[in-house]
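Enquirer: The following block contains the structure, expressed as structure tokens.
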Amino acid sequence: MQLPPALHARLAGAPGSAEPLPVERDPAARTAPFRFAPRPVRFPREHDFFEEGDVQRHLYLQDVLTQVGGAPERPRVPEFTCQVAGCCQVFDALEDYEHHYHTLHRNVCSFCKRAFPSGHLLDTHILEWHDSLFQILAERQDMYQCLVEGCTEKFRTSRDRKEHLVMRHLYPVDFRFDKPRKSRGPVMPGAAEQVLAEAPGDDGVPSEVDAMEVCSEHVEPPPAPAGERRAYSHREMELVSFSCPRTVAQNLA
Amino acid sequence: MWSRQRGRLKPLCCGVEELRCRRREREAALRKARREQQLVSKRLLRDEALEEAEEGCVAMIFGEAEIQQFLRLAQRGTEEKEREGALVSLRRGLQRPETQQTFIRLEGSIRTLVGLLTSNQALLQLEAARCLHELSHSEQSAVVEACLPATSYLLTYLSGHSSDFIELCLYTLGNLIVESEAVRRQLLPQGIVPALAACIQSPHLTVLEALGYALSQLLQAKEAPEKIIPSVLGSTLPQHMLQLLQPGPKLNLGVAVEFAWCLHYIICSQVNNALLITQGALSTLGLLLLDLAGAVQRTEDAGLELLACPVFRCLSNLLTEAAAEAVGGQLQLRDERVVAALFILLQFLLQKQPSLLPEGLWLLNNLTANSPSFCTSLLSLDLIEPLLHLLSVSNVVSVLVLTVLCNVAEKGPAYCQRLWPGPLLSSLLDTLAFSDTEVVGQSLELLQLLFLYQPGAAQAFLQQSGLQALQRHEEVAQLQDRVHALQQTALHG
């Protein structure tokens with residue numbers, strides 16, 4: 001099929017349309033037994049006309065999907081350590097590090113150190129767990145937002161929200177990213193003493209029961225002496241980072 | 001500029017002839033499935049023979065005790081490497097249906113796997129996701145449905161940031177989607193559409209390709225026109241899809257192929273094409289067509305026809321919408337470069353994949369049917385002769401070519417004049433020799449138009465033994481009347 005050489009030039013040229021030749025139809029054209037009439041044609045989903053293209057499409061998919069799922073060969077690099085303060089995980093492949101970073105360090109609550117799979121869940125967590133204004137408002141109006149993106153429903157209590165997630169969105173009853181807060185009062189910067197007084201395992205520290213980890217004994221916190229393994233309030237973190245190492249109690253004095 | 005993603009196809013160990021034979025078998029199986037409307041089926045997604053040939057060692061079958069041990073080690077092992085290794089072994093075993101069956105029957109196994117999937121041990125998470133992916137591939141419904149407790153997490157992770165992990169979740173979801181309407185009935189209320197709409201903003205090409213795949217499977221579902229496409233159209237997905245199809249340096253072939261097919265499934269379901277048109281679908285697809293033609297000239301790149309096909313379909317179907325008339329004033333729809341691009345693509349298809357020619361010609365028909373401007377372009381760009389060259393390819397192609405020629409001829413004397421003289425008459429005499437009734441019928445229609453609008457055409461026809469050519473069809477039911485009418489016109493004017 002030889003194409004006129006000027007055609008390629010036309011493609012590369014400026015947009016434009018041809019000045020149409022005058023249209024002049026004779027009514028005799030469409031008289032029986034002749035029936036041609038120009039018309040755009042439409043084909044629905046399952047039409048046989050699509051068979052060939054559909055087959056080619058699926059051949060391609062087969063090739064692609066056969067490659068998916070196996071662990072790909074990773075280029076190895078000299079071992080390096082995660083740079084996040086307190087994390088001592090070692091890696092020899094960049095992709096492994098990327099996943100580690102995103103899973104553990106990207107969406108981390110600075111109040112309680114919990115890691116979340118997405119910014120959305122982190123924001124919801126901070127609002128519901130660490131924002132005293134939220135608690136106040138929640139007494140008067142529906143504040144607990146549905147966790148499913150796109151659903152705008154709000155609820156009075158976290159229990160109501162859970163019920164909605166289960167009934168409406170078919171979520172599992174023990175969905176791990178919707179744990180209700182267990183503490184008596186709000187966890188806020190000013191209540192540092194209260195936080196300190198609580199032993200690890202209570203609200204504010206990733207606990208065994210907390211479903212963020214399957215095995216809490218393998219949590220990645222820094223190898224700090226047992227006495228300092230406590231939750232620091234948000235405000236305290238700032239103090240500690242600018243001053244020389246002092247005990248938390250001294251900082252509060 | 002088209003950026004090619006890292007090549008997915010690994011070198012294979014079987015010979016070329018064997019590959020060709022295997023491919024023919026696969027094609028035949030797919031064709032059969034398509035006729036039975038079973039094309040969206042788990043069994044056809046992976047080419048099993050190919051897989052077995054690639055596996056160096058055949059995966060072992062594990063029993064209950066072994067599986068339990070792997071799970072225990074993964075959950076509670078002391079060494080990180082040890083825990084990972086246990087899951088890797090489990091994953092390999094899960095390639096065997098027997099192991100899959102044993103696994104799902106083991107109490108607490110899925111729960112443990114989901115626990116590992118949602119743990120904060122990143123590499124364990126990945127391996128657990130791979131195990132789940134294996135299960136999702138199974139042909140046995142019980143195995144696939146055992147994965148259902150994980151879906152809310154898979155969807156949650158789509159809003160994350162780890163591209164490898166998200167890619168895996170998407171392919172797993174894609175497999176689950178294909179499984180059954182029951183599975184989709186869970187995924188939809190769990191928010192799969194908004195989750196995909198959020199995820200499509202990812203900058204990672206691998207994620208986008210996986211998302212396009214999963215979405216295309218969702219849109220192909222039988223119940224899609226009623227239950228799925230409306231909510232997809234109501235989301236931001238269409239805008240993002242169109243953006244990913246825009247020509248430019250960032251256009252990636254693998255990604256574009258997936259989303260072009262997604263668009264096709266939406267458009268041919270005819271739910272709300274007017275909306276897509278207002279979002280600029282016609283304009284984007286028109287520009288993409290131009291870009292494709294450019295790419296085809298520059299490179300022997302395998303796979304451009306995979307994108308051409310859905311683009312043809314989308315454009316052709318959209319052109320039939322009333323809304324298309326309204327925006328017809330837009331330059332893209334009148335731009336004769338579209339016709340130039342289409343012919344360059346037709347030439348490409350003729351060499352690469354002739355079975356796709358009808359789709360391109362369908363688009364040409366829809367472009368020219370009601371457009372004097374495009375019909376004029378065909379004439380002024382000298383495209384009639386190349387068009388005639390296609391007449392020998394197949395009956396379907398011939399009918400379409402003749403239809404396009406009729407589109408031009410029926411617009412009157414000014415057009416027929418430009419069709420004459422030239423190779424048209426001898427081509428028509430050739431097609432009259434075909435036995436296919438539709439081909440001959442369309443030739444008769446074209447002849448009538450030429451006799452009507454072009455003085456001298458009937459005369460020339462007679463001189464070239466046209467009457468004899470007509471004679472052989474005198475007894476054919478669908479052709480008789482027209483044959484006689486033409487004989488009369490030729491003889492008596």
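The values are calculated or read from the model by the stated rules, or taken from the named source; none is laboratory data. All values derive from a computational prediction rather than experimental measurement. Neighbour counts run over all protein chains shown; Cβ positions are idealised from the backbone, glycine included. Keep in mind that these areas ignore ligands, DNA and RNA; they rest on the heavy atoms of the full protein, side chains included. Shrake-Rupley method; radii C 1.70, N 1.55, O 1.52, S 1.80 Å.
Enquirer: When all protein chains stay in place, what accessible area (Å², nearest 10, 1.4 Å probe) is found for A:H8?
Expert: 70
Enquirer: List the trypsin sites (Lys or Arg not before Pro) in the range B:215-254 that DSSP assigns to loop (not H, G, I, E or B) and whose Cβ has at most 15 other Cβ atoms within 10 Å. Which are they? Could the numbers behind the result be given before it?
Expert: On the way: sites: B:K222, B:K227, B:K250; in loops: B:K222, B:K250.
Those satisfying the criteria are B:K222, B:K250.
Enquirer: For the range A:150-163, what does the Karplus curve 6.51 cos²θ - 1.76 cosθ + 1.60, with θ = phi - 60°, yield as ³J(HN,Hα) per residue in whole Hz, taken in order and with x for Gly and Pro?
Expert: Going residue by residue, I get x, 9, 9, 5, 10, 10, 6, 10, 6, 5, 4, 5, 4, 4 Hz, with x marking Gly and Pro.
Enquirer: Take the alpha-carbon centre of the range B:179-251, take the same for the range B:423-493, and report the distance between them in whole Å.
Expert: Each part's Cα centre sits 51 Å from the other's.
Enquirer: Related question: How big is D, in µm² s⁻¹, for the range B:59-189 by Stokes-Einstein at 4 °C and 1.567 mPa s if Rh is the Kirkwood radius over C-alpha pairs? If you can, show how the numbers build up before the last one.
Expert: Values: Rh = 14.6 Å.
It diffuses with D of about 89 µm²/s by this estimate.
Enquirer: In addition: Shape verdict for the range B:191-324, please, from the Cα gyration tensor: rounded (a/c under 1.5), prolate (a/b greater than b/c) or oblate. It would help to have the intermediate numbers written out before the result.
Expert: Details: a/c = 1.76, a/b = 1.23, b/c = 1.43.
In terms of gyration-tensor shape, oblate.
Enquirer: How many Å² of accessible surface get buried when B and A come together, counting both sides, probe radius 1.4 Å, rounded to the nearest 100?
Expert: 10800
Enquirer: Partner chain Cβ atoms within 10 Å, averaged over the residues of A:24-33 - can you pull that number for me? Write out the running numbers ahead of the final one.
Expert: Working: counts 6, 7, 6, 0, 2, 9, 4, 2, 3, 11.
The shielding value for this peptide is 5.
Enquirer: List, in order, the whole-Hz ³J(HN,Hα) value for each residue of the range B:164-181 obtained from phi through the Karplus relation with A = 6.51, B = -1.76, C = 1.60 and θ = phi - 60°; use x for Gly and Pro.
Expert: 4, 5, 4, 4, 5, 4, 5, 5, 5, 4, x, 5, 5, 4, 5, 4, 6, 5
Enquirer: Give me the log10 of I(q) over I(0) for chain B at q = 0.14 Å⁻¹, as the Debye formula computes it from C-alpha points; what are the numbers?
Expert: Values, matching the q order: -1.34.
Enquirer: Keeping all protein chains in position, work out how much accessible area B:I277 exposes to a 1.4 Å probe, and write it in Å² to the nearest 10.
Expert: Surface accessible to solvent at B:I277 totals approximately 10 Å².
Enquirer: For the range B:191-324, give the percent of accessible area contributed by carbon and sulfur heavy atoms, probe 1.4 Å, rounded to a whole number. Write out the running numbers ahead of the final one.
Expert: Working: 2040 of 3700 Å².
Of the solvent-accessible surface of the range B:191-324, carbon and sulfur hold 55 percent.
Enquirer: For chain B, with every protein chain kept in place, what is the accessible area per residue (1.4 Å probe, Å²)? Please list the in-between numbers first.
Expert: Values: 18440 Å² over 493 residues.
About 37 Å² of surface per residue is accessible.
Enquirer: Hey, another quick one. Just list whichever of B:K32/B:K222; B:K32/B:K352; A:K154/A:K179; A:K113/A:K179; A:K179/B:K227 have alpha carbons separated by over 25 Å in the model shown. List each step's numbers first, then the result.
Expert: Values: B:K32/B:K222 18 Å; B:K32/B:K352 23 Å; A:K154/A:K179 17 Å; A:K113/A:K179 15 Å; A:K179/B:K227 32 Å.
With Cα atoms farther than 25 Å apart: A:K179/B:K227.
Enquirer: Right, here's the next one. Gap in Å between the Cα centre of the range B:107-178 and the Cα centre of the range A:44-64?
Expert: A separation of 28 Å, based on Cα centres.
Enquirer: Let me ask something else. Using R₀ = 41 Å, calculate the FRET efficiency as 1/(1 + (r/R₀)^6) where r is the Cβ-Cβ separation of B:S180 and B:C21; round to 0.05. Don't skip to the end; give the middle numbers.
Expert: On the way: r = 33 Å, r/R0 = 0.80.
Approximately 0.80, to the nearest 0.05.
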